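First comes the structure, then the notes that go with it.
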Amino acid sequence: MKISLNWINEFVDLKGITIDEINKKINQMCCEIEEITEVGKETSGVVFGQILEVKNHPDSNHLHILKVDVGTEVLQIVCGAPNVRVGMVTMVATVGGKVNGQKIKEAKLAGVESYGMCCSESELGIGSDDEGIADIDFKVTLGQDIKEVLPIDDVILEIDNKTLTNRPDLWGHYGMAREFSAIFDRPLKPLPVLELAKFKGLKKVKIDVKTDKCFRYSAMSVANITKKRLPMPLRIRLNYTGMRDINLLADITNLVMLELGQPMHAFDNNLVKDIVVREAVKGDKLLTLEGETHEVNPGSILICDGKDEPVAIAGIKGGLKSGITDETNSVLFESATFDSGAIRKTSRSIGLITDASLRYEKSLDPELASIAMARILKVLTTIDKNVVITSSYSDVYKKKYEKVNLTIDSEFVSKRIGIKVTNEEIAKILTKLGFSCKILKNQVQIAVPTFRATKDISIKEDIVEEVARMLNFGLLQPKPLEFSVLPVEKNREHTLEYEAKLMLAEKYGANEVHSYIWNYDNFNKEHKIETKPVLHLLDSKNAGQSSIRSEMVPTLLKFVSENKEQLDGEVRIFEIGRCVPSLDENKLAIEEKHLAIAFASQTKTQEELFFCVKKFLVDFASNKLLLNLEFTKEGNVPNYIHKVNSCSVKNGDVILGYFGLVNPATTKCIDKKLNICVCEIDFTKLCEKEGYKQKVKVPSAFQSVKFDLNFLVDKNKTYGEVREALNKVRSKILVGINFVEVFEGEVLGGKKSMLFNFEINGKDHTLSSEEIDNFRNDVIAQMAKNGYALR
Amino acid sequence: MKQKIEELNKEFDENVAKVDSAEGLENLRLEYMGKKGKVALLMQDFKNVKDEAKKEIGMLVNALKNKIETKISEFKEKITDKLNEKEEFNAKPIDFSLPVSDGVGSLHPRTIILKEVEDVFVSMGFNVEDGYEIETEYNNFDAVNVPANHPARDMQDTFWLDNGELLKTHTSAAQNRILRKYGPHCKVIFPGRCFRNESLDAGHENTFFQMEGIVVSENVSVSNLIYFMKEMLKGVFKKDIEVRLRPGFFPFTEPSFELDASCAFCGGKGCPSCGGSGWIELCPCGMIHPNVLRNAGIDPEKYTGFAFGLGADRLVMLKTGLNDIRHLNSGNVKLLKQFKTKI
């Protein structure tokens, strides 16, 4: 929103306050100023002049050669404007002057000398009229600088609307002036209004309000309007604060809105005499002033005429048919208050956000409706003395907000701000902001003004804010916290999450990625990936991305597919994220934190990738969790995972997830040359239990004996099975059995061999050869019992 | 005999000086000290020495023996040194300028930045909590005092789910649970991923990270908040940065503030990154609304506290210089891998 300091100055004397000070204090104590523009600075040497003579240019069909009296001399000026006429008073930029930054020089236009430029309002940036040069309709002295008469110089503050969300009272200059008055401690002048009670005796406007969503509807009719345009100083004001000037009646409603924050509407009184406010039904539509037809949702508020025909979408836009034109000379002014939520809903649903709807959304004070009416009549009757007011102030006031009264004491405020504040100081600050305060029995009794009571201020803490910001909390003395010092317990899972990520990055060369929480339906379908989502978004801006993922690997596969070319066929990525594999009995999401890994390579074998993933799992579990994970074939894997070359990851009885190759079908969809191994495990479950560290064993001082044994086993036997048999070997002298290698070759026929290395130690003596032989034979015998012969 | 010893002595000196290899030295040792070496031969003559001279000759022979042994071991060392020197000198030079790969992958920049920031908080005695991403309407809105008709609850802003839950729109959704867990004396931060139903552009993501913190106790005031925010930002940015507080509005705090930091790109002069203002909106904060405390079973008359949010993604962009937020969820490994594990 744009705020004009000239306008503010009308209500609060800003003399002596620098722009810097305003910038600093308003930002710190009120709202955010995004930009400050000094308008008019780039315009100089523009004076009033009267056209004495108009001649057609000999070599041009649209240029004229003018003789213009600028007081001290008569200038020859070549001008292209179509509206030039003898006797017309206009604005003349003289040689050496500037028009909005453009320097005026002597020039030859189509061969004719020109000593200056006649300006349009639009060229000067003070009006929207760009069809001809300014046509001055008020008394001026020729040759006088326009800046001496008109408010060309102004400072415009661009306020960030977001910072006014909670302050309906700041959506107009008068409310903002109240803040200036409080912040700079200068008196706020009263708003000149017309006494509405004077017209009590006139006929009433018939108003029928049929919905509770309209809190207040007031109207008044006016006839015999003879003026067509707003006086130029006010037009400049409108243009400087972001509006275009259109005609007197439209402009005057805008002017009051910008001044008070209360949107107003003017209907042509010949077309609209009575008012019905009702909710829309299906099929209701309206051709608005913009020339567009909007069909509104049932429940939206409509303003209708006596025949129940819609004439405006309440709080948003007026209709074209009943709207004012340049010919309108009698109007019905509307000043109303609507439910903020209803206006917002309608405005969003028809995609029409207007200056009015923005203000209504903020929960306007219904009390403002009558003030705005009194104000608009004051402005109109001042501009146009012929105006006749033809109705009484007709007012249907359905919802009055309850008065907000609060009692507060200085201790409550001091404790929360952190510095000592007295009741007197609190009362002084609040009074400046328009609150009424009384100090009684060591407490401040506060009546909150209606313009702050619609939603902004309702509890004592709200008062703390008012006091704190007016004390300028940017200047409050920072105070350290008083807190007991106790050791802080680390969040184990959170810490482990980082450790897992760091391990994957540092030791396994993997790259962490972040993906979205929804499935990519198209990708999954194209890559033969089936997922079973249990949750869906009701509304997503992206088609095919509306189901919440139940697992994370599919998204990682999408990333593998997207990255493989860039990374020359070597992708190692991982993510720890959330997914929802199931719902509970109340249909609430059971959210899980998963660790997903995808290692893909063109050069590494499937087995290499497989064991790289396994190595990480074992590494992380044994070193960070002190756990021995188990890997089994029990449990199910998703359809895109290899049925044979995958396995479940288990801790105790709990299956944590799986790891394994991506099946050929999906792999080939991604890239025929790629081998891909993935893993998905429930990270929370993985971290749930911590194992224990085995006791440190001091190595024996006596020499160990080491020897190898090579066993022949069937091809389909696993290491796990062979190892299980070996684990049955019990002996006091056994230190350890280490797996060395597996060998498969034609020489072994249908079998393979597994080589193990044994270490034995007498602990308190050197082993005799007899002891060694006995142990060796025991092992061989034990293994033979299980069907594993020596090779 | 005496003469023989002297001759042998002299002869050895001459011979040992000529030795230039380990092999020659070993031969020399055998020649003199071997079982049938010259010293042994000499000893055979010892039997014939008269008894009265035996003592003197014995000493001479021993001296000779010692000398030969010492010399040989001395020479042995010298020769080994020489050989090692030669080996070193003739070694094939390694091209030390050849590159190596550190084999290190990368963490997501958010992980790096959040860890950095978390460490600052942990050093200040904060607990760290994880929230959920799927939340109930109550936790996300009602519990933190967002009114029933608030625009944020609209479908256009919030991702609603078909079971009535939603994707959390802010980390504050965890406040109620955390306040209940820790009670009226707590210092907790809770980073998390949040979602808004927005269209994407360089500055807007529908999936982004925030980091929120709360401090509750008796007598916590706005002055404490200001002190804390300044110190905390010093820790996060590792330098004094200029901050300013402005009044703000959030349903969950009262009073509410916006904390701006001077723009890191232009140093406060004004640039496109800060929209020309020289300030970057960094950290909404405020005193926790009494309703929020009450909803968590904490008496707001007795206890007060403050809450603050840090736009984690914005912090990532500030610190990495990335100017398009969409990179963060893109899965573009070629870009992400450059972050390694530190920023």
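The values are calculated or read from the model by the stated rules, or taken from the named source; none is laboratory data. This is a predicted model, so every value here is computed, not measured. Virtual Cβ from ideal backbone geometry, glycine too; neighbours counted across all protein chains shown. Ligands, DNA and RNA are stripped out before the accessible areas are found, and what is left, the full protein with its side chains, is counted by its heavy atoms. Shrake-Rupley method; radii C 1.70, N 1.55, O 1.52, S 1.80 Å.
Name the GluC sites (Glu not before Pro) in the range A:683-752 that are in a loop by DSSP and that have at most 16 other C-beta atoms within 10 Å, would you?
A:GLU690
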The range A:412-429 - phi-based ³J(HN,Hα) in whole Hz, Karplus 6.51/-1.76/1.60, Gly and Pro as x | 4, 5, 4, 4, 7, 7, x, 9, 6, 10, 8, 4, 5, 5, 4, 4, 5, 4
Ignoring any ligand, DNA or RNA, what whole percent of the accessible area of chain A comes from carbon and sulfur when the probe is 1.4 angstrom?
-> 49
Report, as an integer, the average count of C-beta atoms from other chains found within 10 Å of each Cβ along A:503-509.
-> 5
Chymotrypsin sites (Phe, Trp or Tyr not before Pro) restricted to the range B:33-118 and DSSP loop, no more than 15 other C-beta within 10 Å | B:PHE96
Taking the Cα centre of chain A as origin, sum charge times position over the Cβ atoms of Lys and Arg (+1) and Asp and Glu (-1), and report the length of that vector in debye to the nearest 20.
-> 1760
Any idea which of B:SER172, A:ILE737, A:GLY418 is furthest toward the positive side of the dipole for the protein assembly as shown, if Lys and Arg beta-carbons carry +1 and Asp and Glu beta-carbons -1?
-> A:ILE737
Straight-distance crosslink candidates among lysines, where the alpha carbon sits under 19 Å from A:LYS98 and sequence neighbours closer than 8 are dropped = A:LYS41, A:LYS108, A:LYS147
Using label points projected 7 Å from each Cα along Cα→Cβ, tell me how many nm separate B:PHE96 and B:GLU116, to one decimal.
-> 3.3
Summing +1 per Lys or Arg and -1 per Asp or Glu among the other residues with Cβ less than 12 Å from A:GLN566's Cβ gives -1
In a shell of Cβ-Cβ distance under 15 Å around A:ASN6, excluding A:ASN6 itself, what net charge do Lys and Arg (+1) and Asp and Glu (-1) give?
-> 0
Charged-residue dipole, Cβ positions (Lys, Arg, Asp, Glu), the range A:701-791 about Cα centre, Debye nearest 20 = 240
Dipole in debye (nearest 20) - the range B:2-90, about Cα centre, beta carbon charges: Lys, Arg +1; Asp, Glu -1 | 560
Extreme residue, positive dipole direction of chain A, given options A:LEU271, A:ILE152, A:ILE343 (C-beta unit charges) = A:ILE343
Pairwise centroid distance, computed over Cα atoms, of the range A:213-250 with the range A:122-164, Å = 17
Check: C-alpha center the range A:1-78 vs C-alpha center the range B:1-61, spacing in Å is 123
Please give the average number of partner chain Cβ atoms lying within 10 Å of the Cβ of each residue in B:251-262, rounded to a whole number.
-> 3
Taking Cα centroids, how far is the range B:269-336 from the range A:391-455 in Å?
-> 32
Averaged per residue, the 1.4 Å probe accessible area of chain A, protein heavy atoms only, in Å², is roughly 47
Determine the gain in length on full extension of the stretch A:GLU741-A:ASP539; use 0.36 nm per residue of separation and subtract their C-alpha separation, reporting nm with one decimal.
-> 67.1 nm
Would you please give the FRET efficiency between A:THR605 and B:SER73, computed as 1/(1 + (r/R0)^6) with r the Cβ-Cβ distance and R0 = 45 Å, to the nearest 0.05?
-> 0.20
So, in nm, how far is label A:ASN472 from label A:LEU202 when the simple model puts each one 7 Å beyond its Cα toward the Cβ?
-> 4.8
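With a cap of 16 neighbouring Cβ atoms within 10 Å, and only residues DSSP puts in a loop, list the trypsin sites (Lys or Arg not before Pro) found in the range A:370-454. Don't skip to the end; give the middle numbers.
On the way: sites: A:ARG375, A:LYS378, A:LYS385, A:LYS398, A:LYS399, A:LYS400, A:LYS403, A:LYS415, A:ARG416, A:LYS420, A:LYS428, A:LYS432, A:LYS438, A:LYS441, A:ARG452; in loops: A:LYS385, A:LYS398, A:LYS399, A:LYS400, A:LYS403, A:LYS420, A:LYS441.
Filter output for the range A:370-454: A:LYS385, A:LYS398, A:LYS399, A:LYS400, A:LYS403, A:LYS420, A:LYS441.
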Using a 1.4 angstrom probe on protein heavy atoms only, which residues from the range A:384-424 are buried by at least 40 Å² of accessible area when all chains are present rather than their own chain alone?
-> A:LYS415, A:ARG416
Can you give the average number of partner chain beta-carbon atoms within 10 Å of each beta-carbon in peptide A:563-572, as a whole number?
-> 2
What percent does the relative contact order of chain A come to when contacts are Cα pairs within less than 8 Å and at least six residues apart?
-> 8
For the range A:283-421, what class follows from the C-alpha gyration tensor (a ≥ b ≥ c being the square roots of its eigenvalues): rounded when a/c is under 1.5, otherwise prolate if a/b is larger than b/c, else oblate?
-> oblate
Where labels lie 7 Å past Cα in the beta-carbon direction, separation of A:LYS67 and A:ASP764 in nm | 13.6
Expected vector for the range A:253-266, Karplus 3J(HN,Hα) from phi with 6.51, -1.76, 1.60 and θ = phi - 60°, integer Hz, x for Gly and Pro, equals 5, 5, 4, 5, 4, 5, 7, 10, x, 9, x, 10, 9, 10
For chain A: rounded, prolate or oblate by the Cα gyration tensor [a/c cutoff 1.5] | prolate
Set the Förster distance to 51 Å, then compute FRET efficiency between A:ASN442 and A:GLU688 from the Cβ-Cβ distance, nearest 0.05.
-> 0.35
So what is the calculated 222 nm ellipticity per residue for the protein assembly as shown, using -39500 (n - 2.57) for each DSSP H run with n of 4 or more, over all residues, to the nearest 500 deg cm²/dmol?
-> -9500 deg cm²/dmol
Given A:GLY749, A:LEU430, B:GLY192, which one lies farthest toward the positive end of the charge dipole of the protein assembly as shown, if we put +1 on the Cβ of every Lys and Arg and -1 on the Cβ of every Asp and Glu?
-> A:GLY749
When the accessible area of each residue in the range A:23-55 is compared between its chain alone and the complete protein assembly (1.4 Å probe; ligands, DNA and RNA ignored), which residues differ by at least 50 Å², being lower in the assembly?
-> A:ASN27, A:GLU32
Beyond 18 Å between alpha-carbons counts as too far, so tell me which of A:LYS345/A:LYS398; A:LYS213/A:LYS345; A:LYS206/A:LYS400; A:LYS501/A:LYS633; B:LYS115/B:LYS181 fall in that bin.
-> A:LYS345/A:LYS398; A:LYS206/A:LYS400; A:LYS501/A:LYS633; B:LYS115/B:LYS181
Report the local net charge at A:GLU690: Lys and Arg +1, Asp and Glu -1, summed over other residues whose C-beta lies under 12 Å from its C-beta.
-> +2
Interface B/A, total buried accessible area with a 1.4 Å probe, nearest 100 Å²?
-> 7100
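Would you mind giving the three semi-axes, in whole Å and largest first, of the ellipsoid equivalent to the range A:170-317 according to its Cα gyration tensor?
For the range A:170-317, the semi-axes come out at 30, 19, 18 Å.
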